[in-house]
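Each reported figure results from applying straightforward, stated rules to the coordinates on display, with no laboratory input. Computed from a prediction, not measured in an experiment: that's the story for all the values here. Virtual Cβ from ideal backbone geometry, glycine too; neighbours counted across all protein chains shown.
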Amino acid sequence: MADTAKLPADSFKPMSADDRAALDSEKIAAPSLTFMQDAWRRLKKNKGAWVSLILLALIFIFAFGSAIVSPHDPNQVHPEYANLPSKIPGIGINGFNGTLVQAGQRIDAYKQAGATGAHYLMGTDYLGRDLLSRVLYGTRISLIIALVATLFDLTIGVTYGIFSGWKGGRVDTFMQRIIEIILSIPNLVVIVLLILILKPGMLSIIIAIALTSWTNMARLVRAQTLEIKEQEYILAARTLGESSLKIAFKHLLPNLSSVIIINTMFTIPSAIFFEATLSYIGIGISSPQASLGTLLNDGQKNFQFLPYQMWWPALVLCIIMLAFNLLGDGLRDAFDPRTKE
Amino acid sequence: MAKYLAKRIFYLILTLFIVITVTFFLMKLLPGTPLTNQAKLSQSQIALIYKQYGLDKPEWQQYLLYLAGAVKGDFGTSFQFSDQPVSYLLSSRIGPSLQIGLQAMVVGVVLGILVGAIGAMRQNTWVDTTTTVVSILGISIPSFVLAVLLQYYLGLKAQLFPIAEWGGFIYTVLPTLALGATPLAESARFVRTEMVDVLSSDYIELAKAKGLSRMGVIYHHALRNSLIPLITIVGPLAVNIMTGSMVVENIFSIPGIGEQFVKSVLTNDYPTIMGLTIIYSFMLCVVLLFTDILYGIVDPRIRLTGKAN
């Protein structure tokens with residue numbers, strides 16, 4: 001016996017009552033967490049998702065805060081200050097110091113325009129409007145469109161999905177056929193047709209996006225509902241005589257919440273993308289209103305000479321899309337108990 | 001199989017019929033006529049132009065005529081280019097769109113498989129992180145932003161590729177890259193997730209235990225099984241490419257149907273818009289049908305019973 005442990009004699013003494021109480025095997029040491037608390041804890045561990053959440057919060061605060069306090073009026077035209085590049089005080093790097101290359105030479109655009117005292121952090125556009133204010137304003141419009149459209153599409157999609165899954169049978173088959181037909185036309189084509197009928201504008205973009213993008217949500221919710229409705233607690237609720245509506249709200253919705261939240265995180269960026277595409281094509285938001293898409297469209301015209309006019313809105317758009325995607329991924333992992341920690 | 005196919009083709013025709021009907025009546029809701037200078041035309045001239053476009057008949061007759069024409073591939077006459085049948089306009093433009101779309105799909109999916117597989121093989125290392133970052137960026141950057149950047153940096157600055165126009169393979173490179181980014185990113189993400197799952201399954205352990213080489217295990221067992229579910233995202237990717245092509249074709253001035261769609265929307269060319277809507281949904285239906293059948297063939301666990309899901 002080579003591996004005999006040498007234990008001191010006093011480790012064989014009987015346990016005292018206090019020791020026994022401390023070693024209670026039935027006691028649960030960690031605080032018990034609800035599903036949402038657990039998900040939140042896991043989300044906080046995911047660096048990408050956590051950073052995205054903070055970034056999104058900041059973007060929301062700045063975009064909506066600019067409605068009250070804006071660095072400049074986004075629609076104030078200053079023709080004499082047109083096309084000034086970015087100038088951030090204290091930064092001397094070319095591209096952020098108010099200089100630009102003209103006819104092969106780097107010149108100070110602010111001096112040339114006679115605006116030596118002014119600082120436009122993101123520069124100005126072709127009408128001399130402050131680009132930072134316009135980007136904030138555009139972000140706000142884009143976010144409003146995306147959020148309202150998502151809210152509608154959430155309502156339609158979840159209701160449709162629960163109804164279809166709950167009813168089952170022929171109703172379900174018929175409702176799924178309708179979805180298949182909608183899915184067999186590219187989304188953007190339908191959105192464009194709807195906007196033509198509703199006349200371009202913010203409201204029609206919201207309606208068009210909401211009416212076309214609920215299918216995905218409906219499918220996911222239906223699949224989950226089919227699974228959940230076979231569970232015992234639903235049977236119990238039915239046996240106790242709960243109405244279908246009450247079961248849907250009290251039992252189905254809470255159990256579907258993770259699917260719904262995750263899918264929403266992917267619906268919002270796609271709505272932002274659709275809005276940007278529409279405005280970029282020229283049937284979205286029209287001037288003097290601005291969205292990220294119209295700013296990109298304006299910026300793209302001058303990209304060769306004034307690249308900053310497209311870089312800034314493009315950067316903001318990409319950050320928003322990236323953050324929502326990362327947050328969606330993070331939430332999916334957080335809600336999935338199988339995720340390894 | 002034959003029964004399933006017949007059923008699917010019946011649904012395809014039904015879908016197209018509904019699409020045609022809905023678009024036709026939606027278009028009738030819109031204001032606008034093919035007349036460009038209404039005030040200067042006499043009553044008889046207007047009547048003649050209406051007759052030329054078949055707008056003199058009651059709407060239900062127009063609808064039936066349109067339906068009969070659509071079956072034969074005749075979508076009426078363009079409002080914008082008088083005397084040009086829509087079918088001619090579209091058939092001369094579909095080539096470039098198909099070429100770029102297919103190239104983007106093939107390049108995107110093949111590279112995506114590669115990137116995803118490499119990421120899964122080196123799970124939780126810097127290689128994996130890099131490939132994940134690449135794929136999340138590909139999903140987050142809209143194709144039209146990428147298109148402008150590619151056009152400027154690779155086309156104008158580096159002079160590697162022509163910046164616009166159409167005429168030969170070299171002209172397709174930039175649009176293909178711009179459109180292929182999303183399929184690349186999506187399929188890379190998909191393949192990585194699938195492959196991580198597959199790599200931890202028992203039959204991979206068995207293959208390793210048999211003494212197969214690492215590449216043998218990856219190629220014969222892991223990759224093949226990870227790729228089957230990839231077929232399901234081909235449909236959504238096709239939608240993505242069609243959507244992207246509308247803007248990307250505009251940026252690179254490619255004479256394709258995406259560019260035509262935007263042009264027709266901006267000029268209220270209703271017959272062309274209708275024709276394009278039908279073409280788009282036809283293409284998508286065919287892709288969906290094709291992927292469903294393919295899925296049934298490669299994965300014998302899926303029974304083609306004609307039931308959805």
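When Cβ neighbours within 10 Å are restricted to other protein chains, what is their mean count per residue of peptide B:142-150?
Counting other chains' Cβ atoms within 10 Å and averaging over B:142-150 gives 6.
Given the options A:328, B:18, A:114, identify the residue whose Cα lies farthest towards the positive end of the charge dipole of the protein assembly as shown (+1 on Cβ of Lys, Arg; -1 on Cβ of Asp, Glu).
B:18
To the nearest 20 Debye, how big is the dipole of the range B:94-267 about its Cα centre, given +1 on the beta carbon of each Lys and Arg and -1 on that of each Asp and Glu?
Around 320 debye, computed over the range B:94-267.
For the pair residue B:44 and residue A:144, how long in nm is the line joining their label points, each one 7 Å along Cα→Cβ?
Inter-label distance under the simple model: 5.5 nm.
Taking Rh as the Kirkwood radius computed over C-alpha pairs, what is the Stokes-Einstein D of the range A:171-312 at 10 °C in a medium of viscosity 1.306 mPa s, expressed in µm² per second?
88 µm²/s
What residue among A:235, A:211, A:253 shows peak mean-square fluctuation when chain A is described by a Gaussian network model with Cα springs under 10 Å?
Of A:235, A:211, A:253, the Gaussian network model singles out A:235 as fluctuating most.
Multiplying the sequence separation of residue A:45 and residue A:102 by 0.36 nm and subtracting their Cα-Cα distance, what value in nm do you get?
Length gained, residue A:45 through residue A:102: 15.6 nm.
With r defined as the distance between the Cβ atoms of residue A:23 and residue A:67 and R0 fixed at 45 Å, what FRET efficiency is calculated, to the nearest 0.05?
0.15
Mind scanning A:301/B:263; A:47/A:250; A:199/B:28; A:44/A:250; B:28/B:51 and naming the pairs with a C-alpha gap bigger than 22 Å?
Correct reply: A:47/A:250; A:44/A:250.
If you rank A:148, A:101, B:247 by fewest surrounding Cβ atoms within 10 Å, what's the result?
With the fewest neighbours first, A:148, A:101, B:247 line up as A:101, A:148, B:247.
7 Å from Cα along Cα→Cβ at both residue B:61 and residue B:297: what's the point-to-point distance in nm?
Reported label-point gap for residue B:61 and residue B:297 is 4.8 nm.
Using Cα springs under 10 Å in a Gaussian network model of chain B, which residue among B:230, B:64, B:146 shows the largest mean-square fluctuation?
Highest fluctuation of the listed residues: B:64.
How much mean residue ellipticity at 222 nm does chain A get from its helices, if each DSSP H run of length 4 or more adds -39500 (n - 2.57) and you divide by all residues, to the nearest 500 deg cm²/dmol?
Computed mean residue ellipticity for chain A: -20000 deg cm²/dmol.
Between A:151, A:139, B:272, whose Cα lies farthest towards the positive end of the dipole of the protein assembly as shown when Lys and Arg beta carbons carry +1 and Asp and Glu beta carbons carry -1, centred on the Cα centre?
Positive-most Cα among the choices belongs to B:272.
Once each part is reduced to its C-alpha centroid, what is the distance from the range B:127-187 to the range A:111-190 in angstrom?
24 Å
Using only Cα atoms, tell me the angle between helix B:126-140 and the longest principal axis of chain B; keep it within 0 to 90° and round to the nearest 10.
Helix B:126-140 and the main axis of chain B meet at about 10 degrees.
For chain B, find the longest principal axis of its Cα atoms and tell me its angle to the long axis of helix B:94-121, 0 to 90°, nearest 10.
20 degrees
Helices from chain A with mean Kyte-Doolittle at least 0.0 and a Cα length along the axis of 15 Å or more, per DSSP H: which?
Counting only whole DSSP H runs, the qualifying helices are A:47-65, A:131-167, A:169-183, A:187-198, A:202-212, A:215-228, A:253-281, A:308-335.
What residue among B:164, B:293, B:95 has its Cα farthest toward the positive end of the dipole of chain B, where the charges are +1 on Lys, Arg and -1 on Asp, Glu, each on the Cβ?
Highest projection toward the positive end goes to B:293.
With a point put 7 Å past each Cα toward its Cβ, work out how far residue A:173 is from residue B:164 in nm, to one decimal.
Result for the modelled spin labels: 5.3 nm.
When every alpha-carbon pair in chain A is counted, what percent end up more than 29 Å apart?
Roughly 56 percent, once rounded to a whole number.
State the dimensionless ratio Rg/Rh of the range B:1-104 (Rg: radius of gyration of Cα atoms; Rh: Kirkwood radius).
In the range B:1-104, Rg relative to Rh is 1.08.
Grab the alpha carbons of the range B:94-267, take their convex hull, and tell me the volume per residue in Å³.
Per-residue hull volume (Cα only) is 124 Å³.
Could you give the size of the charge dipole of the protein assembly as shown about its Cα centre, using +1 on the Cβ of each K and R and -1 on the Cβ of each D and E, expressed in debye and rounded to the nearest 20?
For the protein assembly as shown, the charge dipole is close to 660 debye.
Helix B:234-251 versus the longest principal axis of chain B: what is the Cα-based angle in degrees, 0 to 90, to the nearest 10?
60 degrees
In deg cm²/dmol, rounded to 500, what helix-only [θ] at 222 nm does chain B give when every DSSP H run of at least 4 residues adds -39500 (n - 2.57) and the total is split over its residues?
Using -39500 (n - 2.57) per qualifying helix, the result is -22000 deg cm²/dmol.
More than 37 Å apart: what percent of Cα pairs in the protein assembly as shown qualify?
Beyond 37 Å sits 47 percent of the P(r) for the protein assembly as shown.
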